[in-house]
1. List, largest first, the extents of the alpha carbons of the stretch A:272-392 along their principal axes, each in whole Å.
2. Would you pull out the residues with amide H under 5 Å of A:Tyr213's amide H, same chain only if 5 or more places away, H placed 1.01 Å from N?
3. Going by Cα centres, the stretch A:407-451 and the stretch A:225-304 are how many Å apart?
4. So, in the stretch A:194-291, how many Lys pairs have Cα atoms under 29 Å apart, if the pair is 8 or more places apart or on different chains?
5. How much length, in nm to one decimal, is gained on full extension between A:Leu322 and A:Glu139, taken as 0.36 nm per residue of separation minus their Cα-Cα distance?
6. Take the Cα of A:Asn242, step 7 Å along the line toward its Cβ, and report every residue of the stretch A:145-174 whose backbone nitrogen sits under 11 Å from that point.
7. At 7 Å along the Cα-to-beta-carbon direction for both A:Val17 and B:Leu109, put a label point, then send me their distance in nm to one decimal.
8. Sorted from fewest to most neighbouring beta carbons within 10 Å, what does the list A:Tyr103, A:Tyr259, B:Tyr101 look like?
Amino acid sequence: MIAERKQTETATEHQQVFLTILDSLDAMVYVADMKTYEILFVNQCVKDVFGDITGKICWQALQSGQTKPCEFCTNNKIVDSEGNPTVIYRWEFENTKMKLWYYICDRAIKWSDGRIVRLEIATDITERKRVERELRESESRLKEAQSLAHLGHWDLDLRGNRLSWSDEVYRIFGLAPQEFGATYEAFLEKVYPDDRDFVNKAYSDSVKDKSSYDIEHRVKLKNGDVKYVNERCCTQYDESGNPLRSIGTVLDITGRKQYEEQIQALNAGLARGIAERTAELEKKRQELNETQHALINIVEDLNQKTAELEAANAKLQELDRLKSMFIASTSHELRTPLNSIIGFSSIILEEWLGPLNDQQKENLTTVLKSGKHLLSLINDVIDVSKIEARKHEIILEDFDLYNVMSEALDLVKHDIEKKGLDLQTELIHMPMHSERLRVIQCVVNLLSNAIKFTEKGTVRVSTRNIPASNSGFQRRDCIEISVSDTGIGIPDESISKLFLPFVRIPSPLTLKVKGTGLGLYLVKKIVTEILSGEITASSIDGEGSSFILKIPVKL
Amino acid sequence: MKKVLVIEDNKDNLQLISFALKRSGYEVIAATTGEEGVEMAIREMPFFIIMDINLPGINGIEATKQIRESKADGTIPIIAITSNAMRGDREKVFAAGCNGYFEKPIDPLKIMDNIHRIIKK
C-alpha cells in the first residue's frame, strides 16, 4: 500500500515534474479532443497568452471570431482513416491577427482515458521568420544588385574542390546550375580556349604567391557568343599557409569591352580618317608644290624666253639698223655712177656734142629714162632706209602752205602740160612750222602719181584748214591736202595694199608707167613718222582716185 | 673769155660742169684737191669758183675759208656743190664764205640756171 502509494506518489511527483518541464517550455503546448475540439490541457506558455482556456473549444479560444473549426486544422493529417495516429505533422502557421509566426508540431496521442487526442506544440518563430524574410530580401537585393552590376561571386573550397557560383555567375556563363560541374576544372572548361592557360596560371600564381588575382578573360558561351569578364579573388590560408578557399567575383565587362572595342574601332577609324585626310592633304600639298615648281619653271622658262626674245629683238633691231645703214651707204655708191650716166646721156641727147640720128636719140632716151628710174628707186630706198634707221635729217622751217604747194606744182607743171591735163587748184594760205621739204616731197609724189595714172581729164589739188576740235585723230590744228584725179582708179581690193612696199597695183598702165613700188610706202612713212600725220586713199575703179593727207600745222 | 675755176675731184662731174660752162662761153680751169684749188684761186683770180665740198685733203669748207682769208680778191663768187647726204652743210657753206650752193647730182642742163641765179645776187 505504502509502496503502492509511494508508487502513486512517485508517479504524481513525476507527473508534477513533467508538468513543470512543460510549463518551462518557451512553446505553447496544448491537448485537444479531436472530435469535440475541447481543450484538455494547456501549459503555462498558452496560459500566458490566452489565459487558462482548458475546457474551451480550441478553434474558439485560439482563433477568435470563428464560427467553425479552422480550415487549416491538421486533425485529418495525423490519424489514418480508422483514427489511429500516424505521423508527426510539422508546419508553420502565421496568425495574421496577432502577426505572429509559429512552428507547429501536431501528433495524435492516446490520452489518459484512452481516447485519441491531438497534441500541438507551437513555437513562436516570428523573430526567426523576420530574420529569414530579411535574409531573403537581402539575398534578393544582392541578386538584383549582382544582376544589375553583372557581378557574380563564387566560392572555391580548395580542399574538396567544390566551386559554388552565385546566380549571376551562372547567368554570366550562360549556364543552368545542373549544367555545371561545380569544380575548378569545370570552370576552366568554360573559359575561352585561348585564355585558359593564362587564367589558370594567373589563379595558380595568386594562390601560390598569395598575390592579388585581378584579370580579364573571355568566356565561351554554349551558343558560341564570347563574353569578357573581370575576375578578382582572395584566398584564405590555414596556419601552415596551406590554401583553404578562394572567394571571388566575376564582373561581366562585355558591354564595357564592346564599348572599348567600339571606341577603339572609332579611334582607329578616326585615326585612319585623319591619316587618310593627312595623306590626302600631303598629296594635295605635294601636288601644289609640284604645280608651284612647274609654274616657277614655266615662269623661269618664260623669263629666259623673254630674255632670249629681248636679246633676239635687240639683235634684230641692230641688224635692221645695220641693214638700213648698209642700204644707205651702198645706195650712195650706186648713185654716183648713175648720176654720170644721167648727166652724160642728157648732154649727148641735147646734142651738145654733135647731132644724133633718130635711132641714137631713141636709144639714148631709153638709157636716160632707165637711169632716172633707177635713180628715183635708189633715192626712195635711201630715204626709206634713213627713216627706218632714224638717220633722216630733221629740218623744221616756218613756211606758208600756199608757197609750198606752188613749189610742188611748179615741179610737175611741165608734166601736166605735156599730158594736156586740166589742173584745178583751191589753195589756202596757212603759216606752218614743219618739215617743208618733206611736205613738198609728199605732195610731189602724190601729184606725180595722179599725172602718171590719168590719161585725160583733171588733176585737182586743194588744201583746207582743220581746227583742232574737228581734227579727230589729233588734238592739234591740222591742214588737209587733197590730190584727186580722173584717172584709172584703184580696184577696191587693192586699196589696202597701196601703202605696202614694192607692191604695184596691176592695171593696163602698170607696164607703161614706170614706178618703184616704194612711192606711196615712202609717203606714208614720211607722213606718219616724220610729219605726225595720216594719209588716206579712196577711189572709184575706172573713175579716179583721191588721196587725202592730214598733217599738224605745227610739228 | 671769163675764167672759171672748178674744184672737183670727181672726173665725171668735172667734165659735166665743164661742158655746161664751156657751152655758156666760159674758160674752165680745174683743180682736183683743196690745196691745189686754193693755190689756183689765188694765182688765177677766176671770175667765179665752183667748189665741191667733199674733197680729199682739205675739204671745200676749209678751202673756201683759206681763199677768203688770202690776199686774193674777196669778192670772187664761190658756189658750193653739196651732197644732201651731208647734214648741216648749207650752214657751214655760207659760214665759210660761199655765195651759194647747188646740190648733187649735177644736172648739166640746169646747172647754168643755178649758177647765174647765184651770181646775180
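1. 115, 25, 15
2. A:Cys233
3. Each part's Cα centre sits 100 Å from the other's.
4. Total qualifying Lys-Lys pairs in the stretch A:194-291 comes to 13.
5. Value of the extension gain: 53.9 nm.
6. Once the point is set 7 Å along Cα→Cβ of A:Asn242, A:159-160 turn out to lie under 11 Å by backbone N, inside the stretch A:145-174.
7. 19.7 nm
8. By the 10 Å Cβ count, ascending, the order reads A:Tyr259, A:Tyr103, B:Tyr101.
Taken together, the values in this text are just the output of simple stated rules run on the coordinates, not laboratory data. Nothing here was measured: the structure is a model prediction, and the numbers come from that model. Note that each Cβ is placed from the backbone with ideal geometry, even for glycine, and that neighbours are counted across all protein chains shown.
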